[in-house]
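Down below is the structure, laid out as structure tokens.
The values are calculated or read from the model by the stated rules, or taken from the named source; none is laboratory data. None of the values given here were measured: they were computed from a predicted structure. Every residue, glycine among them, receives a Cβ derived from its backbone with ideal geometry; neighbour counts consider all protein chains shown. To get the accessible areas, we keep the full protein, side chains included, count just its heavy atoms, and leave off ligands, DNA and RNA. Shrake-Rupley method; radii C 1.70, N 1.55, O 1.52, S 1.80 Å.
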Amino acid sequence: VLFTIGVFIAGLDNGIISVALTTISETFQVSPSWGAWSVTIYTLGVAMSVPIIGKLSDRYGRKRLFLMEILIFGIGSLCVAISPNFTFLIISRFVQSIGGGGIFIIGSSYILDTLPPNKQGKALGLLGGMHGLSSVVGPNLGALILSITGSWQWMFLINIPIVFLLFLYGRSKLNETRV
């Protein structure tokens, strides 16, 4: 449950912003092509972080790195929401993506380290399914949040209580594993 929720919110933030690109571009008075960087930088950061965080979790432990990744994702989410300018938003999205990318790889490796082989496929399938579901739900949830609040910032502020709960639950329930 812990990893599926983590994977879901990290994947969600890859697509949730897409419905607010015009609003974000208008907020910071940048062209739509520059506004699209808020999506691109997140995808790039996730792609870069997966192998690096995977290796670090082998060396320093999956629990420790998962908790750090959750915090990085939460700090990035908060910084995106309070961005005073577009450059700060892009940097914050990159920070957020580093946390988001690590969550999926650590969840996968934790499953492989702790579950018996006959349960690994189901658990990994759940992680993959949640990631896929998040890409469908993200834009729809983003549109709903934007229509209710009128503010794109709430798309990122909703992550904060979820991150807090994931951190507390992970701290108390996960056992440390490393290769």
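Check whether at least one residue in the stretch 120-130 is in a loop (DSSP other than H, G, I, E, B) and without any contact (Cβ under 8 Å) to a residue 24 or more places away in the chain, and report yes or no.
Filtering the stretch 120-130 for residues in a loop (DSSP other than H, G, I, E, B) gives none.
Among the residues of the stretch 120-130, not one is in a loop (DSSP other than H, G, I, E, B) and without any contact (Cβ under 8 Å) to a residue 24 or more places away in the chain, which makes the answer no.
Would you confirm whether any residue within the stretch 143-159 is open to solvent by 40 Å² or more (accessible area, probe 1.4 Å), in contact with a Gly (Cβ under 6 Å, 6 or more places away or on another chain) and part of a helix (DSSP H, G or I)?
Initial filter on the stretch 143-159 (open to solvent by 40 Å² or more (accessible area, probe 1.4 Å)): 143-144, 147-150, 153-154, 157-158.
If we keep only those that are in contact with a Gly (Cβ under 6 Å, 6 or more places away or on another chain) too, we end up with none.
Among the residues of the stretch 143-159, not one is open to solvent by 40 Å² or more (accessible area, probe 1.4 Å), in contact with a Gly (Cβ under 6 Å, 6 or more places away or on another chain) and part of a helix (DSSP H, G or I), which makes the answer no.
Checking Ile90 against (1) touching a residue at least 60 places away in the same chain (Cβ under 8 Å); (2) among the hydrophobic types (A, V, I, L, M, F, W, C); (3) under 17 Å from Gly45 (Cβ atoms), only one condition comes out false. Which one?
(1)
Does Asn140 satisfy being surrounded by fewer than 16 Cβ atoms within 10 Å (Cβ to Cβ), modelled with pLDDT of 95 or more and polar (S, T, N, Q)? Break it down into steps so the answer makes sense when it comes.
Values: surrounded by fewer than 16 Cβ atoms within 10 Å (Cβ to Cβ): yes; modelled with pLDDT of 95 or more: no; polar (S, T, N, Q): yes.
No, not satisfied.
So, Ser109, is that one open to solvent by less than 40 Å² (accessible area, probe 1.4 Å), closer than 25 Å to Ile52 by Cα, in a helix (DSSP H, G or I) and at pLDDT 95 or above or not? Steps first, answer last, please.
Values: open to solvent by less than 40 Å² (accessible area, probe 1.4 Å): yes; closer than 25 Å to Ile52 by Cα: yes; in a helix (DSSP H, G or I): yes; at pLDDT 95 or above: no.
Judged against the criteria, Ser109 is not a match.
Please state which of the following conditions Leu89 fails to meet, knowing it meets all the rest: (1) more than 18 Å from Val39 (Cβ to Cβ); (2) over 12 Å from the mean Cα position of the chain (by Cα).
(1)
If we only count helices (runs of 4 or more DSSP H) wholly inside the stretch 1-101, which ones have 1 or more residues that are touching a Pro at 6+ places or on another chain (Cβ under 7 Å) and open to solvent by less than 20 Å² (accessible area, probe 1.4 Å)? Show your work before the answer.
Numbers: elements: 2-15, 21-27, 32-35, 37-60, 62-81.
It comes to 2-15, 21-27.
Scan the stretch 133-173 residue by residue and report those that are in contact (Cβ under 8 Å) with a residue 12 or more places away in the chain and of a type in the set (Gly, Ala, Ser).
Matches in the stretch 133-173: Ser134, Ser135, Gly138, Gly142, Ala143, Gly170.
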